[in-house]
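The structure appears right after this line, and notes come after that.
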Amino acid sequence: MSSAQTPSRPVHRDPGQWATVPDCKKVLVVIHTLVYGKRIKDLLVLFRADLRVSVVFTVAPHAFNDGTERVLAELGGTVLPWERAVATDFDLILAAGSQGMEQLRGPLVRLPHGAGNIKMSRRGDAPEGSIGGIGRGYLTWDGKVVPRAFAVAHREDLDTLARSCPEALPITEVVGDASYDRLAAGLPHRAAYRRALGLGEDERFVLVCSTWGLGSAFHRLDSLLPRLLTELPENCRAALLVHPNVWSGHGGWQVRSWLADGAGGRLPLLAPESDWRPLLIAADYILGDHGSVTLYGTMTGAPILISQYPFRTVNQSSPGAQLARTAPSLSPTRPLAEQLAYAAEQYRPEEYAAIAARISSEPGAFNPNMRRLLYRILELGEPAHRPETEPLEPPKRLDSKEA
């Protein structure tokens, strides 16, 4: 087949058809959104080089499906149509979301799709006052707990479950957080990531990140963009990181038109499939909101400015809310450079380290803990080596186009 004929989309076929290695445990990876797909992608290394395990993928119905095809095309995995996936028996099912999980056939392992249980449920998704992703509405169906196991990042999550869905406690295991571990492993490589981005030694990098939905920093970007273009010192460069759900909900053209084109092409807009973790490590300052990326920023040592925070719609006991009570809040009236300098002056490493410690209570142990859980459900002995934390790929060079 010539390069012009190479498929650009994931291959949809029967996973048992023409199988060369048919006698395998069958694993289904369920991807709802681009964000969920990135979360699950960190787990795939745990099955590497194990001929006893065969992995296929499916895209579950979700309002933010856009972008999932790109993840699967990059992986080159076999993709089952959803209708076929729900009619097939599997030995293990992995998902970071809850929609449609009651339709699947096989032991399901659920993971959180973000950090810190920051957001409260949107109206209609779960009973009022529920925490997003961890309440009864996300773990049960028709009064019964659906997952075989719920893998959480921190021991604090057990206390949250005891209040929100105590019937799920027996199936819940504290395994840690993959992004926490990969960020921690990447911190010593900060200089290499900065070189890959094209940053000079004397340049300062400002990462502006926004989650999605009402109350996100996205709602203030129209006023913040001009300030990033006119008020930053000459030795500062900035880039915009927007949650993939914004791209999915509004479309790529619209987001680029609002942001990159609106800034005259002078501020790099990071593509939704970009790995944000090397950029977070490379940042000298972080302007964020109540999204997980801002919370992970507490691991890096970069001063944080909170540009937007909807206190009434977040979990007040979460580490994200603790961060919003600790980090300075962006003022609309004071010069931006002055506020960044103030954030650096007021930065207290011990305060941010205490917040970061609430992301994972199993630092460095996600892969061993998660592999033990998955292979126990598969009823297989684990491969005879310690699962290592994958290094982060160097980021693309910053320029006026999507990085």
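The values are calculated or read from the model by the stated rules, or taken from the named source; none is laboratory data. Just so it is clear, the structure is predicted and the values come from calculations on it, not from any experiment. Cβ: placed from backbone, ideal geometry, glycine included. Neighbour counts: every protein chain shown. Ligands, DNA and RNA are stripped out before the accessible areas are found, and what is left, the full protein with its side chains, is counted by its heavy atoms. Shrake-Rupley method; radii C 1.70, N 1.55, O 1.52, S 1.80 Å.
Quick check on packing: order 332-344, 142-154, 173-185 by the mean number of other C-beta atoms within 10 Å, highest mean leading. Spell out each step's value before the answer.
Values: 332-344: 14.8, 142-154: 18.6, 173-185: 21.3.
Going by the mean number of other Cβ atoms within 10 Å, highest first, we get 173-185, 142-154, 332-344.
At R0 = 41 Å, how high is the FRET efficiency between TYR347 and HIS219 if r is their beta carbon distance? Nearest 0.05 is fine. Numbers along the way, then the final one.
On the way: r = 26 Å, r/R0 = 0.64.
According to the calculation, E is roughly 0.95.
Does region 153-270 come out rounded, prolate or oblate by the C-alpha gyration tensor, with a ≥ b ≥ c the root eigenvalues, rounded set by a/c under 1.5 and, if not, prolate when a/b is larger than b/c and oblate if not? Before the final figure, lay out each step's value.
Working: a/c = 2.88, a/b = 1.58, b/c = 1.83.
Judged from the Cα gyration tensor, region 153-270 comes out oblate (a/c at least 1.5, b/c at or above a/b).
Arrange the residues TRP141, TRP212, TRP253 by how much accessible surface each exposes, largest first, with a 1.4 angstrom probe.
TRP253, TRP141, TRP212
Identify the GluC sites (Glu not before Pro) of region 205-282 meeting these criteria: DSSP loop state and at most 14 other C-beta atoms within 10 Å of the C-beta. Please report the intermediate quantities before stating the final value.
Values: sites: GLU231, GLU234, GLU273; in loops: GLU231, GLU234, GLU273.
Sites meeting the loop and neighbour criteria: GLU234.
For region 280-403, give the percent of accessible area contributed by carbon and sulfur heavy atoms, probe 1.4 Å, rounded to a whole number. Don't jump to the answer; show the numbers that get you there.
Working: 2790 of 5580 Å².
Using a 1.4 Å probe with all protein chains present, region 280-403 comes out at 50 percent carbon and sulfur.
Any idea of the accessible area per residue across the chain, 1.4 Å probe, to the nearest Å²? Write out the running numbers ahead of the final one.
Working: 18650 Å² over 403 residues.
Ligands and nucleic acids excluded, the result is 46 Å² per residue.
Return the carbon/sulfur percentage of the accessible area of region 179-241, one whole number, probe 1.4 Å, all protein chains in place.
On the way: 1460 of 2840 Å².
Carbon-and-sulfur percentage of accessible area, whole number: 51.
Just from its helices, what would the mean residue ellipticity at 222 nm be for the chain, if runs of 4 or more DSSP H residues each count -39500 (n - 2.57) and the sum is divided by every residue, rounded to the nearest 500 deg cm²/dmol? Mind dumping the intermediate values first?
Values: 16 runs with 124 residues, N = 403.
When only DSSP H runs of four or more count, the value is -8000 deg cm²/dmol.
With the full set of protein chains in place, find how many percent of the accessible area of region 40-117 is carbon and sulfur; take the probe as 1.4 Å. Before the final figure, lay out each step's value.
Values: 1530 of 3020 Å².
Whole-percent figure for carbon plus sulfur exposure: 51.
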